[in-house]
Amino acid sequence: GRDLGLATVPRTLVCVDISTNQGKDTVGSLVCFEGGRPKKSEYRKFKIKGEGQQDDYAAIAEVVTRYLTRRRDQAEPVPDLMVIDGGKGQLSAAVAAAQALGLPAIPMIGLAKRDGEIFFPERSEPLRLPRGRSPSLRLVRRGRDEAHRVGLAYNRNRRSARTITSLLLDIPGVGPERRSRLLEKFGSLAGVKSASPAEIAEVRGFSTALAARVLEHLKGKNDG
């Protein structure tokens, strides 16, 4: 804990990560560790709205604001430490967002992509810690990696949901309603692709001919 300028090793640690898919679909992920272990019930995902779509700092500020506002409104404790994935700019955005809510200062640090560089709100120079030596740093790094993993997975799921949406809507005779029935039954594009024409024809609104057309269309799109 002392490495990080904290009196004790943080019991609850929250890490915030922003991931973007070529400048669109920006999502924020927030993971929580308690007593050094991931606490998945406290993980949160955020679809970034507003200017955070294009601006990393605004995205960080949005996640921190939404998360802390909810903690405050539900009278839940705030974490012992918030780790922001990024450098000086991202950290400043997070600190400003927390201050704007009028909350007592929450310890925050920034962990730059280049490993072991830790930024503190009140220091201009980052602290470089020796790799892997400090338990606090190991925990912080694990948190950051986990937040990153969760963000990427969330982004991937949203992307595949959109791909299936557009692919199915290209098929003559499949409108939004039929498309959502297909998704309800088969769960994903892969699920629809691996279904038999008879299984698809069982879905309300689908004839055997339309089922065959759906499969033909999707097979032709294997590269997607």
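Nothing in this text is a laboratory measurement; each read-out follows from the coordinates by a stated rule. Worth saying up front: this structure is predicted, and the values here are computed from it rather than measured. Positions of Cβ are generated from backbone atoms using ideal geometry, with glycine treated the same way; all protein chains shown enter the neighbour counts.
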Against the longest alpha carbon principal axis of the chain, how many degrees, from 0 to 90 and to the nearest 10, is the axis of helix 56-73 turned?
80 degrees
Could you give the radius of gyration (one decimal) and Dmax (whole number) of the Cα atoms in the range 123-224, in Å?
22.1, 68
Pairs of lysine residues in the chain - Cα separation under 22 Å, sequence separation of 8 or more or cross-chain:
12
State the answer as a single residue: which of 26, 196, 155 lies farthest towards the positive end of the charge dipole of the chain, with beta carbon charges of +1 for Lys and Arg and -1 for Asp and Glu, about the Cα centre.
196
Exposed-site-free run, longest, the chain (rule: trypsin sites (Lys or Arg not before Pro); DSSP loop; at most 14 other C-beta within 10 Å):
134-203
Can you tell me how much longer the chain between residue 209 and residue 41 gets when fully stretched, taken as 0.36 nm per residue apart minus their C-alpha distance, in nm with one decimal?
56.0 nm
Binned at 5 Å from 0, what are the whole-percent values of the Cα-Cα distance distribution for the range 16-122, short to long?
2, 12, 23, 26, 22, 12, 3, 0
Go ahead and estimate [θ] at 222 nm for the chain from helices alone: -39,500 (n - 2.57) per DSSP H run with n ≥ 4, summed, over the residue count, rounded to 500.
-14500 deg cm²/dmol
When the chain is reduced to its Cα atoms, the Kirkwood hydrodynamic radius in Å:
19.7 Å
Please list, in order along the range 138-144, the HN-Hα scalar couplings obtained from phi with the Karplus expression 6.51 cos²θ - 1.76 cosθ + 1.60 (θ = phi - 60°), rounded to whole Hz, x for Gly and Pro.
4, 5, 4, 5, 4, x, 4
With θ set to phi - 60°, apply the Karplus curve 6.51 cos²θ - 1.76 cosθ + 1.60 along the range 39-47 and write out the HN-Hα couplings as whole Hz, x wherever there is a Gly or Pro.
10, 5, 5, 9, 5, 9, 10, 10, 7
The size of the Cβ-based charge dipole (Lys, Arg +1; Asp, Glu -1) of the chain about the Cα centre, to the nearest 20 debye, is 440 debye
The FRET efficiency for residue 162 and residue 185, from their Cβ-Cβ distance with R0 = 22 Å and rounded to 0.05, is 0.70
I'd like the Karplus ³J(HN,Hα) series for the range 104-111: coefficients 6.51, -1.76, 1.60, θ = phi - 60°, whole numbers in Hz, and an x wherever there's a Gly or Pro.
x, 4, 9, x, 9, 9, x, 10
